[in-house]
1. Going through 118, 125 one at a time, which residue ends up being among the β-branched types (Val, Ile, Thr), at pLDDT 95 or above, on the phi < 0 side of the Ramachandran plot and in contact with a Phe, Trp or Tyr (Cβ under 7 Å, 6 or more places away or on another chain)?
2. Of all residues in region 212-227 being modelled with pLDDT of 85 or more and surrounded by fewer than 23 Cβ atoms within 10 Å (Cβ to Cβ), which is nearest to residue 95 (Cα to Cα)?
3. Are any of the residues in region 113-120 in contact (Cβ under 8 Å) with a residue 24 or more places away in the chain, in contact with a Pro (Cβ under 9 Å, 6 or more places away or on another chain) and assigned to a loop (DSSP other than H, G, I, E, B)?
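The values are calculated or read from the model by the stated rules, or taken from the named source; none is laboratory data. Just so we're clear, the structure is a prediction, and the values are computed from it rather than from any experiment. Counting neighbours? That spans all protein chains shown, and the Cβs are built from the backbone with ideal geometry, glycine included.
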Amino acid sequence: MGHLEHNFSNCDGLVLEVKACPLGRQHQASNEKGAQLTQLIEVWCCCEGFVEVAITAVQGIRRMRGGAQSQLMLGADGKLWVVKFKNNPQHLRVLANELIATKMAEAVGLTVPQSDVVEVSEWLVGNSPEMMVELGRGRRERCEAGLQFGSQFVGGLMPGQVVDYLPESQMDEVRNLAEFAGMLVVDKWTGNCNGRQAVYERKTREKKYRAIFIDQGFCGGVDVSRSAAARGVSAEPGVCEGDGLGEL
């Protein structure tokens, strides 16, 4: 059986190296050979532990907030997916970072959205005028069709309450608060150069929220404009206190 080898590097270096997929092909991604980065997308569908068949997007709904300009889309599986496209303004590598780091967090028992490869057809892009990428200075282009990164939209089609911020005074209403310390370890290990982001979901008739960790796109790099201690830390650093990590 194949296996996945990963190598998270600093700054603009190699995001990861993938070897020995079950189909017998070998792929290596390097920022020195930009064309090889596109192979990361192909690798998703053949590496053990990832996916065998991509989710097919059937409808575009709206663009999401954020620098990657993700699209909220309905999949053929009847679920809502937040889809990051290959030609997003941040970089192709954020798709690989998202998939690998999310799978790592899931593997160690942290609460993250289900992630998968989502296929968006040329027809869907061509018939969805809102599926555009803003490049700045009035420049824009259509989202690129093909295989993309998708994470399930928190809350989905079910009723409930989802918020993207809770004040510190309400953090005791989070049932899995201790997971922030675990996610900080993952962020440090993978070199997350962005602040830690989470959304909070509370289903109907539930009293407590559940934190769900999202946006791993900047794992695998180092932002030299920030101190090492600040990288990957939640906007509410007190969530790690009591776990020996409050001083970070």
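1. Residue meeting the stated conditions: 118.
2. My answer is 214.
3. No, region 113-120 contains no residue that is in contact (Cβ under 8 Å) with a residue 24 or more places away in the chain, in contact with a Pro (Cβ under 9 Å, 6 or more places away or on another chain) and assigned to a loop (DSSP other than H, G, I, E, B).
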